[in-house]
Amino acid sequence: MLTTHYMDEAEQLCDRLVVMDKGKIVAMGSPRQLIEQYSTREVLELRFAAGSNEASAPGLDGVGDRLEVLPDRVLVYADDGEAALKEVHNRGAVPESALVRRSSLEDVFLRLTGRTLID
C-alpha cells in the first residue's frame, strides 16, 4: 500500500489506486482506466500574457471536450491536441506558449476534486 500526493509517482508505481477527496473515495481503478474514464487522450496547455487567461478563455469554448482555467494556464482537454491548437489559432487566439501532452492522473484528480494538489 502506498499513500502519495504525487500523481506521477502513483501512475508509475500503482497497478490499482483510489482517489480520495475530503476523506471519501471518489474513484478507483488502474491509472489507465481512470485516465480513460475521467479525462481525454491529450491535454493542450495554453499560456497567455500575464493576467489574460480568464479573458482569453471564453473565446475557447467548444475547442475541446472540457476547458479548465487556472491562474497560470488554460487547459484544453481534447482527444487530438494538435487539432485543438489549430482551432485555437483559427479563432484568433494567440497564446504565448502551447504544449500538447498526454493526459495524466493529475488531470483526473483536477476533474474529480475541482482543485489542484496545492490547494
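In a DSSP loop and with at most 10 other Cβ atoms within 10 Å, the trypsin sites (Lys or Arg not before Pro) in the range 8-77 are ARG16, LYS22. Modelled this way, with points 7 Å down the Cα-to-C-beta line, the labels at ALA49 and GLU36 are 4.4 nm from one another.
When the chymotrypsin sites (Phe, Trp or Tyr not before Pro) in the range 1-49 are filtered for DSSP coil states and for at most 16 other beta-carbon atoms within 10 Å of their beta-carbon, the remaining sites are TYR6.
Residues in the range 28-37 carry Karplus couplings, in order, of 8, x, 6, x, 5, 4, 5, 5, 5, 7 Hz; the curve used is 6.51 cos²θ - 1.76 cosθ + 1.60 with θ = phi - 60°, and Gly or Pro positions show x. Our estimate of slack between VAL26 and TYR6, defined as 0.36 nm per intervening residue step minus the Cα-Cα distance, is 5.5 nm. Between ASP72 and ASP15, residue separation times 0.36 nm minus the direct Cα-Cα distance comes to 17.3 nm.
Near the amide H of LEU17, within less than 5 Å, lie the amide hydrogens of GLY29, SER30, all on another chain or at least 5 residues away, with H placed in the peptide plane. In the chain, the longest principal axis of the Cα atoms and the axis of helix 81-90 are about 30 degrees apart. Computed from backbone phi with θ = phi - 60° and the Karplus coefficients 6.51, -1.76 and 1.60, the 3J(HN,Hα) list for the range 4-12 is 7, 9, 8, 5, 5, 5, 4, 5, 7 Hz; x is used for glycine and proline.
Every read-out reported here was derived from the displayed coordinates using simple, explicitly stated rules and does not represent laboratory data. Note that the structure is a prediction, hence the values are computed from the model and not measured. When we count neighbours, we look across all protein chains shown, and the Cβ atoms used for this are built from the backbone with ideal geometry, even at glycine.
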